[in-house]
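Presented below is the structure to which this report refers.
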Amino acid sequence: MYTVLIGAPGAGKGTQATEVKPEVGPHLASGDMFRDAMAEGTPLGVRAKAYVERGELVPDEVTVAMVLERLGRSDCAVGALLDGFPRTLGQAEALDRELGKNSKRVDQALYLAVPEDELIRRLSGRWICRVCQTPYHEVSQPPKTAGICDKCGGELFQRVDDTIETAQKRLGVYFDQTAPLIDYYRARGVLDEVDGSLDVGRVRDQVLAAVRRRKSI
Ligand code: AP5
């Protein structure tokens with residue numbers, strides 16, 4: 001099954017992807033791919049850096065090529081969980097075309113709905129594991145030991161684009177360019193909306209229920 005996770009910055013896409021991954025397939029997070037490339041200093045990372053740090057979208061041609069290359073590998077032959085992609089109508093159409101070549105399609109678009117003030121609160125308190133990418137929150141989801149990942153012992157860091165100013169810019173970009181995808185997938189009959197404002201466990205229960213419902217169709 002091919003599932004795309006849609007939601008504003010801070011909606012909990014990365015958090016919930018960790019929970020759903022075993023049910024759906026490999027977790028492909030475009031933001032993590034860009035951050036890895038930036039950390040390694042590859043040509044892709046150098047190109048993406050300025051956009052990511054300004055809170056803008058990396059141009060479609062760069063992003064589509066990167067994600068579709070990863071999606072074409074053998075571990076994604078029967079399904080994948082796409083987190084942060086697509087983020088524009090152009091990216092959604094490119095994904096449809098690619099999957100359509102093998103008579104596949106996006107089976108589910110899971111939309112995590114969260115009010116704007118909660119999004120800012122979450123982004124400004126976020127810490128992420130440098131090794132396994134697990135997100136934490138200093139108030140609502142703190143690690144057992146400050147600065148250390150519970151799961152793998154990796155070092156936690158704060159993203160350069162999680163300042164209040166850049167987070168607000170990212171939200172503006174989301175409402176302008178990504179929110180129209182909600183109607184795009186609704187029109188295709190694959191949209192499932194989940195209340196992402198609840199605590200992590202209650203959101204997870206809704207997400208898993210929605211995934212299992214789609215799998216049984
Ligand atoms: P990306 O890394 O994809 O960032 P994003 O979409 O802005 O999403 P976030 O990672 O900020 O939030 P999330 O929804 O995963 O929330 P999380 O689970 O961490 O993209 C970064 C940049 O890369 C973009 O700005 C762009 O430049 C570029 N890029 C990436 N993809 C692109 C594309 N397709 N096209 C073009 N450019 C692209 O949770 C957030 C916090 O909240 C955490 O602290 C967590 O612990 C906490 N939390 C989560 N759930 C809950 C809950 N239920 N209750 C309380 N706290 C919670």
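The numbers here are math on the coordinates, done by the rules we state, and not lab data. All figures in this text were calculated on a predicted structure; none of them were measured in a lab. For neighbour counting, all protein chains shown are included, and Cβ atoms are generated from backbone atoms with ideal geometry for every residue, glycine included.
Quick one: of Lys21/Lys104; Lys13/Lys104; Lys49/Lys101, which pairs are farther than 28 Å apart, Cα to Cα?
Among Lys21/Lys104; Lys13/Lys104; Lys49/Lys101, the Cα-Cα distance tops 28 Å for Lys49/Lys101.
To two decimal places, what compactness ratio does region 170-217 give when its Cα radius of gyration is scaled by 2.2 N^0.38 Å?
Working it through for region 170-217, the quotient is 1.35.
What Kirkwood radius, in Å to one decimal, follows from the Cα pairs of the chain?
17.6
Placing unit charges on C-beta atoms (Lys and Arg positive, Asp and Glu negative, everything else neutral), compute the dipole magnitude of region 1-66 about its Cα centre in debye, rounded to 20.
For this selection, approximately 100 debye.
Only four residue types carry charge here, +1 at the Cβ of Lys and Arg and -1 at the Cβ of Asp and Glu. Report the dipole size of region 130-200 about the Cα centre in Debye, rounded to the nearest 20.
It comes to approximately 240 debye.
At 222 nm, what helix-only mean residue ellipticity would the chain give, in deg cm²/dmol to the nearest 500, using -39500 (n - 2.57) for each DSSP H run of four or more?
Calculated from helices alone, the mean residue ellipticity at 222 nm is -14500 deg cm²/dmol.
Return the sequence-ordered ³J(HN,Hα) values of region 120-126 in whole Hz as given by the Karplus equation 6.51 cos²θ - 1.76 cosθ + 1.60 applied to θ = phi - 60°, using x for Gly and Pro.
5, 4, 5, 5, 6, x, 7
Once you place label points 7 Å from the Cα toward the Cβ at Val62 and Asp75, how far apart are they in nm?
Reported label-point gap for Val62 and Asp75 is 2.5 nm.
Just want the answer: with Cβ charges of +1 for Lys and Arg and -1 for Asp and Glu, which residue in Thr178, Gly189, Gly154 is farthest toward the dipole's positive end in region 87-197?
Gly154
Given R₀ = 25 Å, what would the calculated FRET efficiency be for Leu208 paired with Glu155, taking r from the Cβ atoms and rounding to 0.05?
0.25
I'd like the FRET efficiency for Arg186 and Asp117, computed as 1/(1 + (r/R0)^6) with the beta carbon distance as r and R0 of 35 Å, rounded to 0.05.
The computed FRET efficiency comes out at 0.90.
In whole Å, largest first, what are the principal axis extents of the Cα atoms in region 91-167?
Its Cα atoms span 47, 31, 20 Å along the three principal axes.
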